[in-house]
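Just dropping this structure here.
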Amino acid sequence: MTTSELIKQLFLSFSNKDNESFELAAREYIEREKRKKHNIVAKDLEKALYNSGDISISKKRFKNNIPIPRDTEKGFPLLEIQHFEGSFNDLIISKETKEQLEQIVREFKDSDILATYNLQYKKKILLCGKPGTGKTFSAKIMSSVLNIPLIYIRFDAIISSYLGETAGNLRKVFDFIEHATWIVLFDEFDIIGKNRDDNHEHGEIKRVVNNFLQMLDNLKGDSIILAATNHQNILDPAIWRRFDDVIYYNLPDAKIRQQIFEIYLKPMKRESNIDLEKISHLTENFSPADIKMVTEEAMKTTIINSKNLISMIDIETSVNKFIRREKVRNNEIGAK
Ligand SMILES: Nc1ncnc2c1ncn2[C@@H]1O[C@H](COP(=O)(O)OP(=O)(O)OP(=O)(O)O)[C@@H](O)[C@H]1O
Ligand SMILES: [Mg+2]
């Protein structure tokens with residue numbers, strides 16, 4: 001059977017709802033990948049086919065048949081269900097921060113054992129620190145590692161648009177969450193602090209925040225709730241108290257910056273004179289997201305110039321361009 005015949009077989013068994021022949025064809029496809037020594041692809045496909053992973057976790061997983069809650073007034077969806085592929089190796093952060101994240105995952109996996117000691121796994125976690133340091137990314141990775149879908153909620157979008165509607169919207173969101181086990185991310189949690197100076201708005205926001213905290217206190221189910229902010233300093237003690245753990249994301253030091261350059265330059269072959277240690281020293285105060293952007297820019301330059309190898313100049317030029325851009329942003333050089 002040729003590959004395209006095999007794929008046709010897959011499609012046919014899918015449309016005939018014939019699970020057995022679907023699995024046979026899928027298995028055959030995986031075997032072919034193995035014979036081609038495409039071991040990573042084969043393993044990935046196997047994982048996708050059997051959705052392997054920790055059985056105690058998949059048991060808790062949710063068959064999604066409840067509609068996604070929407071804003072009553074405008075009808076926009078209040079949350080998104082997302083799936084990711086990734087591992088903790090993709091996240092380059094300090095050892096301490098990574099250990100904190102891994103501990104959360106391990107506690108969740110061992111929640112049954114913890115419960116026999118009357119201990120509860122960490123359920124509500126605040127992720128804070130500078131922009132572009134990996135807060136949102138960490139939530140995605142946790143979702144992938146635990147093989148539990150991520151519920152992504154733009155906290156500011158729910159709150160800022162129609163303050164009057166907010167309590168109802170939040171209720172709907174929490175009702176939805178409680179139906180199953182999820183990794184829930186309330187992203188851009190910053191709104192809580194943002195309107196402090198605006199007295200009129202502030203009263204409203206405060207009410208909403210109290211509302212939110214109450215729902216958080218009464219939350220049922222096994223989900224892990226993450227809230228991400230880059231304005232942790234304005235969160236008041238009432239909010240801090242609600243979280244079982246706070247994870248702080250530092251800007252990377254020179255050594256970590258070098259690792260981030262390594263990982264993001266991986267797709268491309270390099271000239272022999274590339275000195276990433278030097279580059280990492282030129283990029284103080286760069287966030288991981290900044291470094292990703294700089295490496296992508298440099299790789300694109302290499303590609304559009306029809307070169308096979310990325311050069312030190314490509315990278316340095318991209319770094320300098322970024323530094324210039326930051327200066328413009330900070331008003332250090334005005335538009336002339
Ligand atoms: N520590 C990291 N290691 C590797 N890649 C990272 C890291 N942090 C960020 N990135 C890359 O940068 C992208 C943007 O980061 P992310 O969205 O997680 O930042 P954030 O901390 O949520 O920022 P913000 O506060 O602006 O929301 C990620 O998708 C990832 O590709
Ligand atoms: Mg983010």
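With the range 1-55 as the region, which helices (runs of 4 or more DSSP H) entirely inside it contain at least 3 residues that are over 30 Å from residue 108 (Cβ atoms) and not charged (D, E, K, R)?
Because the criterion is at least 3 residues that are over 30 Å from residue 108 (Cβ atoms) and not charged (D, E, K, R), the helices (runs of 4 or more DSSP H) in the range 1-55 that meet it are 3-15, 19-35.
Tell me, yes or no, whether the range 284-296 has at least one residue that is acidic (Asp, Glu), assigned by TED's automatic domain parsing to the domain that holds residue 180 and within 27 Å of the chain's Cα centre (by Cα).
No, every residue in the range 284-296 fails to be acidic (Asp, Glu), assigned by TED's automatic domain parsing to the domain that holds residue 180 and within 27 Å of the chain's Cα centre (by Cα).
Does the range 293-306 contain any residue that is outside any loop (DSSP other than H, G, I, E, B) and within 16 Å of ligand 2 (Cβ to nearest atom)?
There is at least one residue in the range 293-306 that is outside any loop (DSSP other than H, G, I, E, B) and within 16 Å of ligand 2 (Cβ to nearest atom).
Of all residues in the range 115-146, which are more than 16 Å from ligand 1 (Cβ to nearest atom) and in contact with an Asp or Glu (Cβ under 7 Å, 6 or more places away or on another chain)?
121, 122, 123, 124
To continue, here is another question. Need a quick list: helices (runs of 4 or more DSSP H) entirely within the range 206-287 having at least 1 residues that are open to solvent by less than 60 Å² (accessible area, probe 1.4 Å) and of a type in the set (S, T, N, Q).
It comes to 254-265, 276-282.
Next question. So how many residues does the range 124-139 have that are surrounded by fewer than 20 Cβ atoms within 10 Å (Cβ to Cβ), more than 9 Å from ligand 2 (Cβ to nearest atom) and more than 12 Å from residue 185 (Cα to Cα)?
1
When you look at residue 81, is it open to solvent by less than 30 Å² (accessible area, probe 1.4 Å) and closer than 18 Å to residue 145 by Cβ, yes or no?
Taking the combined requirement at face value, the residue does not satisfy it.
Listed residues 66, 55, 40; which is among the hydrophobic types (A, V, I, L, M, F, W, C), open to solvent by 70 Å² or more (accessible area, probe 1.4 Å) and modelled with pLDDT under 80?
55
Could you list all residues from the range 306-324 that are open to solvent by 100 Å² or more (accessible area, probe 1.4 Å), within 23 Å of residue 262 (Cβ to Cβ) and within 31 Å of the chain's Cα centre (by Cα)?
If the condition is that a residue be open to solvent by 100 Å² or more (accessible area, probe 1.4 Å), within 23 Å of residue 262 (Cβ to Cβ) and within 31 Å of the chain's Cα centre (by Cα), then 321 is the only one that fits.
Which condition breaks for residue 186 when tested against (1) in contact with a helix residue (DSSP H, G or I) (Cβ under 9 Å, 6 or more places away or on another chain); (2) within 11 Å of ligand 1 (Cβ to nearest atom); (3) more than 16 Å from residue 206 (Cα to Cα)?
With (1) in contact with a helix residue (DSSP H, G or I) (Cβ under 9 Å, 6 or more places away or on another chain); (2) within 11 Å of ligand 1 (Cβ to nearest atom); (3) more than 16 Å from residue 206 (Cα to Cα) applied to residue 186, the lone miss is (2).
May I pose another question? List pairs: first residue in the range 221-248 and farther than 11 Å from residue 128 by Cβ, second residue in a loop (DSSP other than H, G, I, E, B) and aromatic (Phe, Trp, Tyr) anywhere in the structure, Cβ distance under 6 angstrom, at least six positions apart or on different chains.
223/182
The values are calculated or read from the model by the stated rules, or taken from the named source; none is laboratory data. What you see is a predicted model, and the numbers here were worked out from it, not measured in a lab. Methodologically, a virtual Cβ is constructed for each residue, glycine included, from the backbone with ideal geometry; neighbour enumeration extends over all protein chains shown. Side chains included, ligands, DNA and RNA excluded: accessible areas come from the protein's heavy atoms. Shrake-Rupley method; radii C 1.70, N 1.55, O 1.52, S 1.80 Å.
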